[in-house]
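Engineer: Take a look at the following structure, please.
Please treat every number below as a calculation from the coordinates, not as lab data. In this text, all values refer to a predicted model and were calculated from it rather than measured experimentally. So basically every Cβ, Gly included, is an ideal-geometry build from the backbone, and we count neighbours across all protein chains shown.
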Amino acid sequence: MTHLLAWKIVAVAILSLFLIFPDIGSSWFRRGEVLLRRLSRHRGLALGSVAVTSLLLSAGLALLVRMPQPFAHDEFSYLLAADTFSHGRLTNPPHPLWEHFETFHVLQQPTYASKYPPGQGLALAVGETIFGHPIVGVWLATALACVAVCWMLYGWLPAHWALAGGLLTVVHPVVVEWSQCFWGGSMAMGGGALLLGAVPRIVRRARTRHAVLLGLGMTVLAISRPYEGMVLTLLSLGVLLWWMPGNVRGLWSPSALKHLVLPLGLVLGVTFAALGYYNFRVTGNPLMLPYQLHEATYGVTPLFIWHRPKPMPYYRHEVLRAFYADLSTGAYRSQNTLRTWLSTTRLKYADLLTLHFPTSFRYLLLPIIGVTLPFMLKRDPRVRITSLVLAGFLVGTLAEVFMSYRYTAPAFGLLFLFVLQSMHHLSGWTWRTMPLGRSLVRVCTLAALCALLLTNVRWVREPEEMALNTWGITRARIENELERDGQRHLVVVRYGPRHSPHREWVSNAADIDGAPVVWAREMDPESDSRLLKYFAGRRVWRLTVDDDDEPPVLVPYRSVARGR
């Protein structure tokens, strides 16, 4: 509370200072604004500068601070998809001893594949195939997503505001965090930006390239965040139909049919056909997503609050039961009444607000938006549209049991647009001929830059998930040491009662039999015997993990067997 009060006092003091002396630092600000205006007039150069800045920041953090290592269940699942795609396959045949390799967010039957949509896996596969490192694909996807946000802003705002928004997107802590992990978020952000950027351009003049980009945005959302992408797509299409000349009747004009309906239909037709084929190869049913099959196989917790928990399936491993049947159901139990749902929803979206608007920026910006919003809604139809879509997106995601800043990634650009629209309107406000609005915009920009940079520094020095990240580094070190000796290894993992399901060691490549190191779960003696016989040509180890804060114990399997 003391820390919070201190930030409020600092924010009020800075705000008061700029209100009393609105010309503070005007010469420096003016130089920056002139440079920004000049660069923004050359759209290709401006978008290129956003891409280069993002790539330099992403690669610089990884190479100079620490190289990202996977540590979350989801990251290993996405890396499995990347390894599968980089070898020219959509999925993998199930392993004969697949029961030993069951792990989180991965299908073992009827094929061996990630449960997630293919978008993030494709980005990682580009990095793995072309550059030899999956994380490079994340950097490229993040740079393209930042460019997409900047391009979107060009369709809604003056050019120099759009460029400023694109550069602020690059240094936003959420975007930086997405660029330093295998989990993703940037793909969905870019898809949402393409979708939202095409809408005002089509309204002004329907062109084939804008329809193609609209369809491409829908495609990226479909292969990254299908549900949230669907919500944003329906809202955006509704706005487009309402906003465009002639409304729905305008779709049947020859120009709209040629430049909008036909190209959009072609893009979506190809997308649905490709996704249907992908689903068929993975699940055997073109209408069943891998995610749906995985939930039917392992899931207990419903994804939406109106559903009931499913009957508990049979789990072959205690760690899977502990995660799916115990830990995951807690999120649903905390929302199964109206009172608890309201309380939990408030906390979820308060956390999202905190992540997207660091402290010093938040205490300056939110009061300004609160004061200017009624005026903007009355005077600017574009602000009304942005507010409507943003509110609709929030309502559309209220029913989800789980919520994360990765889930709301499709609307990241929309939120940035709303903030910049507020700042743009504020910049023209004067009081007794004094440009107080411009002064407030400048102090908000300074506060945003300071808050974003300080948050990034704090993330670099003290990542919130450092405990999880540490065990991921340990796992990578053990695997690298085993690979370097040139032999082929099998690591049989045994968990103790104190082990946390969040720290999962059993994760394998797409080609399990061809991998230098294979990770398998210990089962009963008969099953373990079949496992050892199948991998007879490998050096076998047992890894024992009990207290996750203590180093794991890795010993030759034969010495363990002799000790029995």
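Engineer: Determine, for T283, T271, the number of other Cβ atoms within 10 Å of each Cβ, and report the residues in order from fewest to most. Kindly include the intermediate steps, with their values, before the conclusion.
Structural biologist: On the way: T283 24, T271 17.
By the 10 Å Cβ count, ascending, the order reads T271, T283.
Engineer: Quick check on packing: order 288-298, 346-356 by the mean number of other C-beta atoms within 10 Å, highest mean leading.
Structural biologist: 288-298, 346-356
Engineer: Under the Karplus relation 6.51 cos²θ - 1.76 cosθ + 1.60, θ = phi - 60°, what is the ordered set of whole-Hz ³J(HN,Hα) values for region 127-134, x standing for Gly and Pro?
Structural biologist: So the Karplus estimates, Gly and Pro as x, are x, 5, 6, 8, 10, x, 9, x Hz.
Engineer: Let me ask something else. List every residue whose amide H lies under 5 Å from the amide H of V493, counting only residues 5 or more places away in sequence or on a different chain, with H placed 1.01 Å from N in the peptide plane.
Structural biologist: A520, R521, E522, L543
Engineer: Once amide H atoms are built 1.01 Å from N in the peptide plane, which residues 5 or more positions from Y112, or in another chain, come under 5 Å H to H?
Structural biologist: Correct list: N92.
Engineer: Let's see if you can work this out: charge +1 on each Lys and Arg Cβ, -1 on each Asp and Glu Cβ, no other charges. What is the dipole magnitude of the chain about its Cα centre, in debye to the nearest 20? Write down the numbers at each step before the final one.
Structural biologist: On the way: 54 positive and 35 negative charges, 450 e Å.
The calculated dipole for the chain is roughly 2160 debye.
Engineer: Hey, got the dipole for region 197-280? About the Cα centre, +1 on K and R Cβ, -1 on D and E Cβ, debye to the nearest 20?
Structural biologist: Dipole size: approximately 380 debye.
Engineer: Which percent of Cα-Cα pairs in region 467-563 sits in each 5 Å bin, short to long?
Structural biologist: 3, 12, 24, 27, 19, 12, 3, 0
Engineer: Does region 140-217 come out rounded, prolate or oblate by the C-alpha gyration tensor, with a ≥ b ≥ c the root eigenvalues, rounded set by a/c under 1.5 and, if not, prolate when a/b is larger than b/c and oblate if not?
Structural biologist: oblate
Engineer: For the chain, with the dipole built from +1 on Lys and Arg beta-carbon atoms and -1 on Asp and Glu ones, taken about the Cα centre, which of S253, F76, V518 lies farthest toward the positive end?
Structural biologist: Toward the positive end, the furthest listed residue is S253.
Engineer: Say the dipole of the chain comes from +1 at the beta carbon of Lys and Arg and -1 at that of Asp and Glu; which of G44, T91, L144 then lies farthest toward its positive end?
Structural biologist: Toward the positive end, the furthest listed residue is G44.
Engineer: Please give the per residue volume of the convex hull enclosing the alpha carbon atoms of the chain, rounded to a whole number of Å³.
Structural biologist: Working: hull volume 97.7 nm³, N = 564.
So the per-residue hull volume is 173 Å³.
Engineer: Using θ = phi - 60° and the Karplus relation 6.51 cos²θ - 1.76 cosθ + 1.60, list the HN-Hα couplings for region 37-52 in order, rounded to whole Hz, with x at every Gly or Pro.
Structural biologist: Whole-Hz 3J(HN,Hα) from phi for region 37-52: 5, 5, 5, 5, 5, 9, 4, x, 5, 5, 5, x, 5, 5, 5, 5.
Engineer: Hey, what do the phi angles of region 253-268 turn into as Karplus ³J(HN,Hα) couplings, whole Hz, using 6.51/-1.76/1.60 and θ = phi - 60°, x for Gly and Pro?
Structural biologist: So the Karplus estimates, Gly and Pro as x, are 6, x, 5, 5, 4, 6, 9, 10, 5, 5, x, 5, x, 5, 4, 5 Hz.
Engineer: How do 306-316, 38-48, 134-144 rank on mean C-beta neighbours within 10 Å, highest first?
Structural biologist: Packing order, densest peptide first, comes out as 134-144, 38-48, 306-316.
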